[in-house]
Amino acid sequence: MSANLPDDVWPSSVEPELVARLVDLIAREGMLDRATMKPAATLDELDFDSLEAVMVINGIEQAFDIEIGSELRWGEARNLGELVVLLADSIKRATPALQS
């Protein structure tokens, strides 16, 4: 899904402002320590489970006034960086004004 990047580099396919907003939402809604939120961190390493995933989706839907529903394929994300890309893609598809 993503190229091999250093552990602390977020994918360049997502605007830095959107990365920051998504990571903040994931940390807050998933009740995770923001300091541990690195692109290469796996969801298992973050103790991110299905309940937290539901909370994150709900938080993103409210923050962006969109519906993500079941279209998001969490299993495709091997790490937090890839999850951010999946979430950003879902947001862009649901928000035509954000599409480039």
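Table for the structure above
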| quantity | calculated |
| --- | --- |
| Any chance residue 40 is closer than 20 Å to residue 73 by Cα, modelled with pLDDT of 90 or more and assigned to a loop (DSSP other than H, G, I, E, B) | yes |
| Among the residues listed as 83, 87, 46, 32, the single one being in contact (Cβ under 8 Å) with a residue 12 or more places away in the chain, in contact with a Gly (Cβ under 9 Å, 6 or more places away or on another chain), under 18 Å from residue 10 (Cβ atoms) and not β-branched (Val, Ile, Thr) | 46 |
| Candidate set from segment 48-76 (those that are acidic (Asp, Glu) and within 11 Å of residue 86 (Cβ to Cβ)); member that is nearest to the chain's Cα centre (by Cα) | 76 |
| Residues of segment 12-41 that turn out to be more than 14 Å from residue 85 (Cα to Cα) and hydroxyl-bearing (Ser, Thr, Tyr), as a count | 1 |
| Residue within segment 58-76 that is under 16 Å from residue 8 (Cα atoms), modelled with pLDDT of 90 or more, in contact with a helix residue (DSSP H, G or I) (Cβ under 7 Å, 6 or more places away or on another chain) and not acidic (Asp, Glu) present | no |
| Meets criteria (among the β-branched types (Val, Ile, Thr) and at pLDDT below 90) for residue 85 | no |
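The values are calculated or read from the model by the stated rules, or taken from the named source; none is laboratory data. What you are looking at is a predicted structure, and each value in this text was computed from that prediction instead of being measured. As a convention, Cβ positions derive from the backbone with ideal geometry for all residues, glycine included, and neighbour counts pool all protein chains shown.
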